[in-house]
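Visitor: Dumping the structure here so I can ask a few things about it.
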């Protein structure tokens, strides 16, 4: 897989006080370009402004790295939801791997969601927007997801746990674990850790196992990630989780 090493956009991100939101990001593309859209276990809502038009898109998790094109002169706002937060009327499993859903536009700066018009969120009021969704019952959270991911015991059968994971995240617990392990490995490499130490710290079997994982989920080998971090360190959250 080939890719452009220079991202065609600049972005910033901030954490959120909402128990339903992982992070909020915004980005601007100064020129057209191609980049690698990396695997991500979270789903998100993205507002795009391009050529005077605004669109709102629901993007599901991504289970592999893919090449993506970025248009020029576009602005993006993304709300990344915590694992376990989901919209009951909108199955996340149908949105996997860039099978995005674009929501219909309404009058003014608003869009239609589940039969009602909603004002477009902004970078600073995204948490308020999410709180309104929760109060309206359009966004809920399954606390089992976080408990299982933290290794807490449950009396539920593996089949029931898997079904609830698929409903709330669109992914199985195993897939989430693989993506998050790969993300941790990338963070370690970007922080300057050696490949062999990363194999140990991220709990991979061996170096080939790490290489296969990062190629699949991030589109790069450990050596490529390490070399890039030495020439120009990239903060772990300096760009959106996915596009």
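Please treat every number below as a calculation from the coordinates, not as lab data. Fair warning: this is a prediction, and the values are worked out from it, not measured in the lab. FYI the Cβ positions are ideal-geometry reconstructions off the backbone, even for glycines, and counts take in every protein chain you see.
Visitor: Give, in nm to one decimal, the length gained when the segment between residue 125 and residue 194 is fully stretched (0.36 nm per residue of separation minus the Cα-Cα distance).
Guide: 20.8 nm
Visitor: Can I ask one more? Calculated from DSSP H runs of 4 or more alone, at -39500 (n - 2.57) each and per residue, what is the 222 nm mean residue ellipticity of the chain, nearest 500?
Guide: -9500 deg cm²/dmol
Visitor: If we sort 158-165, 17-24 on the protection proxy, mean other Cβ atoms within 10 Å, highest first, what's the order?
Guide: So the peptides 158-165, 17-24, ranked by packing, come out 17-24, 158-165.
Visitor: Could you compute the FRET efficiency for residue 150 and residue 67, with r as their C-beta to C-beta distance and R0 at 51 Å, rounded to 0.05?
Guide: 0.90
Visitor: For residue 134 and residue 212 in one chain, what is 0.36 nm times their gap in residues minus the Cα-Cα distance, to one decimal in nm?
Guide: Between residue 134 and residue 212, full extension yields an extra 24.2 nm.
Visitor: If I stretch the segment between residue 105 and residue 177 completely, what's the gain in nm (0.36 nm per residue apart, minus their alpha carbon distance), one decimal?
Guide: The residue 105-residue 177 span can extend by a further 22.3 nm.
Visitor: Is the chain rounded, prolate or oblate when judged by the Cα gyration tensor, a ≥ b ≥ c being the square roots of its eigenvalues, rounded requiring a/c under 1.5 and prolate requiring a/b larger than b/c?
Guide: Oblate, because a/c is 1.5 or more while a/b does not exceed b/c.
Visitor: Would you mind giving the average projected area, over all directions, of the Cα convex hull of the range 9-141 in nm² with one decimal?
Guide: 7.7 nm²
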